[in-house]
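Notes follow once the structure below has been shown.
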Amino acid sequence: MTTPEDPDEGRPAPNVPPHVPPPPPLSESELARAAFAARPPLPNEVRISFVLWLAVGAMFVVSAVVAVAQRDQFVEAVRQTPEARDLTPEAFDAAVTASWMLAIIASAVMAGLFVLFAFQARAGRSWARVVLAVLTAVVLLFVLFGPSPWGLLIALISVAAVVLLYLPGAKAYFDAVKRNR
């Protein structure tokens, strides 16, 4: 069986636009600009919370620096405890050095974690709010078992920063960022 000849063969169909190729894909910088433009404005609650988190991180860094500078006072404070009297001088030195290094490392790690998750929260990551709340609970536990004015100040600032992240304006921001992803 044969097909009839097409009388329009070789000619473009009427009212059909010529083929237009799709635009090239966006570059990384264009994608980043588009994502930034789509992000809702940063509310004051999140902005203030971010500054408070940076302050908490700085306070932990100061704690580490003070611990380094005051090693002798730390040694004397540990020497006055009843447990220290039962230790040999070598064991005492090892315990003091380990405790002192642990305090410095813990302060540095906490500073880094607070700052890292503060940036994530400012970017609208809801999970970062939860992580910051958990870190604040850890700080509160440390203050509960080893109260100090400096630790109490860190805890109070952390609590204020967490509360700000859960206020209605901040919640709307996190929800809007989540919808735009």
Per GNM of the chain with C-alpha springs under 10 angstrom, the most fluctuating residue out of Q70, Q80, Q120 is Q80
Need the full-extension length gain, L102 to N180, defined as separation in residues times 0.36 nm minus the C-alpha distance. One decimal, nm. 23.9 nm
Does anyone have the angle between helix 168-180 and the longest principal axis of the chain? Alpha-carbon axes, 0 to 90°, nearest 10? 40 degrees
Relative to the Cα centre, what is the charge dipole magnitude of the chain, using +1 at the beta carbon of each Lys and Arg, -1 at the beta carbon of each Asp and Glu, and rounding to the nearest 20 debye? 700 debye
Defining a contact as two alpha carbons under 8 Å apart and six or more residues distant in sequence, what relative contact order in percent does the chain show? 34 percent
Compute the accessible area per residue over the chain, keeping the other protein chains in place, probe 1.4 Å, unit Å². 68 Å²
What is the calculated FRET efficiency for V138 to A77, with r their C-beta to C-beta distance and R₀ = 22 Å, to the nearest 0.05? 0.45
State the percentage of accessible surface on segment 39-98 attributable to carbon and sulfur atoms; use a 1.4 Å probe and exclude ligands, DNA and RNA. 65 percent
Relative to the longest principal axis of the chain, what angle (0 to 90°, nearest 10) does the C-alpha long axis of helix 28-38 take? 80 degrees
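The values are calculated or read from the model by the stated rules, or taken from the named source; none is laboratory data. Please read these numbers as outputs of a predicted model, since none were measured by experiment. Cβ sites come from the backbone with ideal geometry, for glycine too, and all protein chains shown count toward neighbours. Heads up: the accessible areas ignore ligands, DNA and RNA and are worked out on the full protein's heavy atoms, side chains in. Shrake-Rupley method; radii C 1.70, N 1.55, O 1.52, S 1.80 Å.
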